[in-house]
Amino acid sequence: MSDNAKLDVRGNTIELPVITGTEGEIALDISKLRAQAGIITLDNGFVNTGSCSSAVTFLNGEKGILRYRGYPIEQLAEQSNFSEVAYLLYNKELPNSDQSKKFYDDIAKHAALPGGVSNILDQFPATAHPMGVVSATVSALSCFYPEYLNPEATDEIKSRALPQLMAQIKIIMADFYRKTIGKDSIESNPSLGYSKDFLTMMFGGDVDEEVAKALDVLLILHADHEQNCSASTVRVVGSSHANIFASISAGIDALWGQLHGGANQAVLEMLEAIKNDGGDYKKFIDKAKDKNDPFRLMGFGHRVYKNFDPRAKIIKVACDTVLEKLNINDPLLDIAKGLEEVALKDEYFVQRNLYPNVDFYSGIIYKALGIPTNMFTAMFVLGRLPGWMSQWRELREDPAAKIARPRQIYVGENERNYVDLKKR
Ligand code: SDX
């Protein structure tokens, strides 16, 4: 359905097309605004601005709804697995048994990194932050697969890009972790399944099925989230026809920030700080509310969800399952639950619709699995990769897609003449 909106700007009235999405969302199409009226819009942080039309993920922040290609996240978390969800996001439909087997086989083809990439990985100091290592190594992959640099990458290359990168990022993360603990890397055994293979490569030994399943659910919950900061970064870089490795590497760097994927590490550091400070989480709630204090409650609030983040609900259940299965009594979980309980009743948080988000409980599960805190955001990369690649592929296959090039409102100096102040 399409109709028009009228916009009156200083006596000049123009009509703007109103477009409606398949879930009833409406938008003003301003693509011809500057040509028609010589004006642009300004929207700090793109809070009200849609950058694209997309069929990958639908979320409704007010109702706490999240669906991948139309499938509710709750059903996928309960009935599917991460590799199948990755296939769904990237190929638009769930795989049949032949497609599923081929996808697993394509992941299994990359059970080791190219030798040169392993050499690059070996050059990073054990103290390096895993996000820097993963971002740099993914970008370096472009030097080993020149066929991906062709902007008109063929369908065959696109179809193998996701399983290849899923396999290689898993190895990059596990191999670098083993290096940081002074141990030899463990070869990938794709027949274990994606999540169990990763945990085995990280820690060796037998990985409990339920623990592997909990990680698989976490990866499903992180797989995509429409036009979040890092997915938008991947789209912006991809819109210049940069290759997939460069685009994904940029997405990894955007995710690194504390306000985005870096929040899961920041949540654990915050809980540790509260514990070390005596466990009085009410003191930290007051700090979060204090406008003069830069402290924010990490893992709380969200640009889109003004209701519970549906992923946080599922992760909280998985958190209880993992801690019980591993027989861990983590005081940080008690602090987290106390923080949540107080914040959800506090006027400051209620008024601003600040609820626990995906990062609030995920770090506690990662800690219970033995994953070091500085790898938590890299775990977000492992989950989010299929989403980034699905958004990149959708952009690159859209004949109407344009290079991302926003405008601005200039607020600097007006014209002035040069004076050599050095001669004054
Ligand atoms: C992710 O976009 C996505 O989809 C992201 C993500 C994904 O899957 O890709 O869901 C993953 O990034 C989750 C968010 C992880 N980040 C954090 O947990 C960091 C803590 N959260 C905040 O920094 C904040 O809530 C953001 C960054 C998440 C959202 O910020 P917005 O939308 O820009 O909101 P805002 O900064 O304008 O805040 C609105 C008000 C402000 O108060 P007032 O000026 O109105 O008085 O809420 C306050 C803020 O000060 N506020 C907080 C707060 N978050 C917002 N106050 C204390 N603690 C917080 N966490």
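Ranked by the mean number of other Cβ atoms within 10 Å per residue, highest first, peptides 165-175, 7-17, 215-225, 337-347 order as 215-225, 165-175, 337-347, 7-17. Inter-label distance, Asp155 to Asn329: 5.9 nm, where each label sits 7 Å from its Cα along the C-beta direction. Using C-alpha pairs under 8 Å with a sequence gap of at least 6, the mean separation divided by the residue count of the stretch 118-247 gives a relative contact order of 27 percent. Binning the alpha carbon pair distances of the chain at 10 angstrom intervals from zero yields the distribution 4, 20, 29, 24, 14, 6, 2, 0, expressed in whole percent. Of the trypsin sites (Lys or Arg not before Pro) found in the stretch 256-304, those in coil by DSSP whose Cβ has at most 12 other Cβ atoms within 10 Å are Lys291. So which of Lys283/Lys337; Lys63/Lys316; Lys158/Lys306; Lys282/Lys313; Lys289/Lys325; Lys196/Lys313 end up more than 26 Å apart, counting from Cα to Cα? Pairs exceeding 26 Å: Lys158/Lys306; Lys289/Lys325. Note on Ala400 and Thr127: the extension gain reaches 93.8 nm, defined as 0.36 nm multiplied by sequence separation minus the Cα-Cα distance. In percent, rounded to a whole number, the relative contact order of the chain is 19, using alpha-carbon pairs under 8 Å and six or more apart. Take the alpha carbon gyration tensor of the stretch 182-300, find the square roots of its eigenvalues, order them as a ≥ b ≥ c, and report rounded if a/c is under 1.5; if not, report prolate when a/b exceeds b/c, else oblate. Oblate. Report for the stretch 4-65 the percent antiparallel among DSSP-assigned beta bridges with both residues inside it, nearest 5. The answer is about 100 percent antiparallel.
With the cut-off at 15 Å, report for the stretch 330-424 the share of all Cα pairs above it, as a whole percent. Of all Cα-Cα distances in the stretch 330-424, 79 percent exceed 15 Å.
Quick one, could you list the DSSP H helices from the chain stretching 15 Å or more along their long axis (Cα atoms) with average Kyte-Doolittle hydropathy of -0.5 or above? The qualifying helices are 130-141, 155-180, 209-222, 244-255, 263-276, 310-325, 331-345, 358-369, 376-396. Packing around the peptides 186-195, 46-55, taken as the average count of other Cβ atoms within 10 Å per residue, puts them in this order, highest first: 186-195, 46-55.
Could you state the number of Å between the C-alpha centres of the stretch 59-131 and the stretch 372-406? One Cα centre to the other: 12 Å. Each of the peptides 238-247, 108-117 was scored by the mean count of other Cβ atoms within 10 Å over its residues; in descending order, highest first, they stand as 238-247, 108-117. Please check which bits of the stretch 153-174 a label hung off His241 would reach, taking the label as a point 7 Å along Cα-to-C-beta and the cut-off as backbone N under 12 Å. Within reach of a label on His241: 153.
Segment Phe295..Ser53, full-extension length gain: 83.6 nm, with 0.36 nm per residue of separation and the alpha-carbon distance subtracted. Per residue, the chain reaches -16000 deg cm²/dmol at 222 nm when only DSSP H runs of four or more residues are counted, each adding -39500 (n - 2.57). FRET efficiency for the pair Ser31 and Asp277, taken as 1/(1 + (r/R0)^6) with r the Cβ-Cβ distance and R0 = 35 Å, rounds to 0.10. Here the extension length gained between Tyr71 and Leu421 equals 119.5 nm, from 0.36 nm per residue of separation less the Cα-Cα distance.
If you plug the beta carbon distance of Lys6 and Val411 into 1/(1 + (r/R0)^6) with R0 = 51 Å, you get a FRET efficiency near 0.95.
No value in this document is a laboratory result; all are computed from the given coordinates. Because the structure is a prediction, the values reported are computed rather than measured. Reconstructed Cβ throughout: ideal geometry from the backbone, glycine too, with neighbour counts over all protein chains shown.
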